[in-house]
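Right, one structure below, let's go through it.
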Amino acid sequence: MEEGYIWIVSKEIASLLHSLDSSVFDNMQGVLGFRINFIRSSKSFRHFKTKFRKKYQLKYPEEEEYSNPSLSGKIGYKNGKLAENSTFQIINVVGTSYREMAFWSPFFGFCETTICNKSVKELSPVYWPGGLRKVPKGWSSRIEEQPLKVGVPAKYF
């Protein structure tokens, strides 16, 4: 990514960032993404984690970390809107990792924590591609001036 561009990734990619090698992040500086938030302290998650860890360690004893993107839950749309009140986590790729910036839900908008009793007006600064600290010009230009180009990654089988 270079200066003046914005790359927003979907939940399918954002949910896998924790499992990527740090060298991949060199080409993803400034990426913004969202992923469905799930409560890691819930009883059902702790039960799943324990059961999964035992089976995974038996099959792959050399691996210390594991991931399961299906834990992000199901998402659906009805009449052009989210069918369920999902909470999304907004992430920003910086350096060799990513930072968790905020949460967003259709009910509250942006919040700093998952316990959201009021929305926030201003979030922490975004690290944009090319190291910019200010919003790239393309983000604020009118559609008539410059059409939005959308890149969709190929789905592999």
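The values are calculated or read from the model by the stated rules, or taken from the named source; none is laboratory data. What you see is a predicted model; the values in this text were computed from it and never measured. Here the Cβ positions follow ideal geometry from the backbone for every residue, glycine too, while neighbour counts run over all protein chains shown.
Criterion first (modelled with pLDDT under 75 and assigned to a helix (DSSP H, G or I)) does LEU58 satisfy it?
Details: modelled with pLDDT under 75: no; assigned to a helix (DSSP H, G or I): yes.
So LEU58 fails the test.
Which ones in region 39-54 are in a loop (DSSP other than H, G, I, E, B) and either over 21 Å from CYS116 (Cβ atoms) or free of Cβ contacts under 8 Å to residues at least 60 places away in the same chain (or both)? Hits for region 39-54 are ARG40, SER41, SER42. No other residue among ILE91, ILE75 is in contact with a helix residue (DSSP H, G or I) (Cβ under 8 Å, 6 or more places away or on another chain), at pLDDT below 80 and surrounded by 11 or more Cβ atoms within 10 Å (Cβ to Cβ) apart from ILE75.
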